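Notes to accompany the following structure.
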Amino acid sequence: MQDWDAPLSLSHAAFLTLFLRYGAKGVIGSLRKVNTEAAKQVVEMFFDWIKKQSPDLQVTIPAMLKQMRQQTYERLIEEGTDEAYALYLATFLYVYYGNPKTLLHLTPADN
């Protein structure tokens, strides 16, 4: 069961702020507690999308999150299942804190 009404704790916000304070350009965090299975799917979807992109692609992190939400919306329309609905809602619990023009630069790993 989803706990959509869980309050945002100040310690949660402070935790995210620490990353920015110590030099991170941005942080992707959740607004609230996210169901473990939905969180796993969102993270997998995010990194699968990244892997499929050209190494030369320059896209902002907020644009990547928007693309991920679009993909889950398309899945919801196609499947119409409770799981697809929960995943779609979960994507909106993830937000980017930081400069909205920050680009994600990835270095390919060996193999």
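The values are calculated or read from the model by the stated rules, or taken from the named source; none is laboratory data. The structure displayed is predicted, hence computed values, not measured ones. Note that each Cβ is placed from the backbone with ideal geometry, even for glycine, and that neighbours are counted across all protein chains shown.
Summary of values
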read-out	value
Yes/no for Leu18 being in a helix (DSSP H, G or I), out of contact with any strand residue (DSSP E or B) (no Cβ under 8 Å at 6 or more places or on another chain), modelled with pLDDT of 90 or more and hydrophobic (A, V, I, L, M, F, W, C)	no
Single residue of Thr72, Thr36, Thr81 found to be modelled with pLDDT under 85 and either on the phi > 0 side of the Ramachandran plot or not basic (Lys, Arg) (or both)	Thr36
